[in-house]
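Here is the structure we will look at, set down as structure tokens.
The values are calculated or read from the model by the stated rules, or taken from the named source; none is laboratory data. Keep in mind that what you see is a predicted model, and the values were worked out from it rather than measured. Cβ atoms come from the backbone with ideal geometry, glycine included; neighbour counts cover every protein chain shown.
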Amino acid sequence: MIPILEASRANIHQAALLLKAGKLITFPTETVYGLGANAFNADAVARIFEIKRRPRFDPLIVHIAHFASLSLVAQDVPKDAEVLMEKFWPGPLTLVLPKNRSLPDLVTSGLPTVAVRMPSHPVALSLISLADTPVAAPSANPFGSLSPTDASQVADSLKYGVDLILDGGQSPLGLESTIVKLEGGMIFVLRPGALTMEALEKASGKKIYLKAGQMPETPGGFGTHYAPHTPLYLVKPGQIPKLPKAKKLGLLAFSKAPKDGLFAAVRILSAAEDMTEAAKNFFSSLFWLDNQHLDAIVAEEVPAKGLGYAILDRLRKASRHR
Ligand code: TXA
Ligand code: MG
């Protein structure tokens, strides 16, 4: 069992000392929980890949707590990146920037770029600040599976190798950060996330392009990702898929419960069709459905606007199992 400690001031302090010394700490962020290591300790970073069973070619996001720390991990930061970080940091925006050579290559899987973000969650900020080092942290789940948005989901997902889970309650946004790369004055979203395309467009005054392709250019670009263990089928609202011999079905509905009793378990993302609420409930609902011993989960498509776009991206990747 991995120890879980409430994110009190004293416990954050203790976690920061452990982190700095090369231990692995899971901690809350406003998006999802992260599995953190001192980014400058290559041995600790290597253990992240082992624990997550993550391929070494899938690079990690580096988290900082102060603008002054950016130069430790990145260099030659373009002007349009500065504009975005001034607007959206701290917050759910990850920027892919030219890497500082002193950052261990393992963090970035040997790429010349590094993905950096400054989270807004107060526990994450004080942890990173007290650890006094940039923190490499992927989501705190095994590679390809659901991202945890509370401490109990972390404990369910990762059974060994983590030194401490800091419990800071439910992640308020519930979806991973939006990953942005700037190239030739153009803005590319590599992973849609908790910062909407619309917000990026408004702040930059530019058209935002979605970059589809292979890992690591587009995270989750191969195989199933963000997926429950139970097979998941994506349908239009109200539609029933033809499932081979699936007896016990669960439903992840957008806003309305079905009238008939076809489903043994139902979760509604937001009865009010509020996308912020839907995003916050998204991974928790899938964790819950995944624990109901179902033969299949049917998930309704959500409107592809605002945060719905990022939810739909994850549902598509979760349903890509056959
Ligand atoms: O909200 C989040 O971003 C959470 C919290 C913990 O901060 N973190 C997170 O990390 O979602 P992770 O490892 O689950 O997803 C990060 C993605 C990876 O899929 C990786 O491919 C991509 O970021 N990435 C990292 N470095 C990159 C780089 N230099 N170029 C392109 N993609 C990169
Ligand atoms: Mg992840």
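Considering only residues that are closer than 19 Å to Ala194 by Cβ and away from ligand 1 (no atom under 14 Å from the Cβ), look in the range 143-178 and name the one that is surrounded by the most Cβ atoms within 10 Å (Cβ to Cβ). The extreme case among them is Gln170. Give the residues of the range 274-290 that are within 21 Å of Pro303 (Cα to Cα) and without any contact (Cβ under 8 Å) to a residue 24 or more places away in the chain, sorted by residue number. Asp274, Glu277 - these are the residues of the range 274-290 that are within 21 Å of Pro303 (Cα to Cα) and without any contact (Cβ under 8 Å) to a residue 24 or more places away in the chain. What do you reckon, is Pro148 in a loop (DSSP other than H, G, I, E, B), under 24 Å from Leu84 (Cβ atoms), assigned by TED's automatic domain parsing to the domain that holds Asn38 and within 16 Å of ligand 2 (Cβ to nearest atom)? The answer is no for Pro148.
Scanning the range 118-137 for residues that are more than 16 Å from ligand 2 (Cβ to nearest atom) and in contact with a Gly (Cβ under 6 Å, 6 or more places away or on another chain), we see that the one that is nearest to Gly91 (Cα to Cα) is Ser120. Each residue in the range 37-49 was checked for being under 18 Å from the mean Cα position of the chain (by Cα) and over 23 Å from Val123 (Cα atoms), and 1 pass. Checking each residue in the range 103-143 for being without any contact (Cβ under 8 Å) to a residue 60 or more places away in the chain and in a loop (DSSP other than H, G, I, E, B) picks out Asp105, Thr108, Gly110, Pro112, Met118. You will find that of Ala140, Ala115, the residue that is within 16 Å of ligand 2 (Cβ to nearest atom) and either in contact with a Phe, Trp or Tyr (Cβ under 6 Å, 6 or more places away or on another chain) or not assigned by TED's automatic domain parsing to the domain that holds Asn41 (or both) is Ala140 and no other.
Selection of strands (runs of 3 or more DSSP E) fully inside the range 20-66 by the criterion of at least 1 residues being under 20 Å from Leu190 (Cβ atoms) and more than 12 Å from ligand 2 (Cβ to nearest atom) returns 61-63. Taking the criterion of being crowded, with 16+ Cβ neighbours inside 10 Å and of a type in the set (Gly, Ala, Ser), the residues of the range 58-108 that qualify are Ala65, Ser69, Ala74, Ala81, Gly91. Within the range 154-192, the set of residues being closer than 29 Å to Gly22 by Cα, more than 16 Å from ligand 2 (Cβ to nearest atom), assigned to a loop (DSSP other than H, G, I, E, B) and more than 17 Å from the chain's Cα centre (by Cα) comprises Lys159, Tyr160, Gly161, Asp163. Taking the conditions exactly as written (away from ligand 2 (no atom under 16 Å from the Cβ) and either assigned to a loop (DSSP other than H, G, I, E, B) or at negative phi (or both)), does Glu86 satisfy them or not? Yes: the conditions hold for Glu86.
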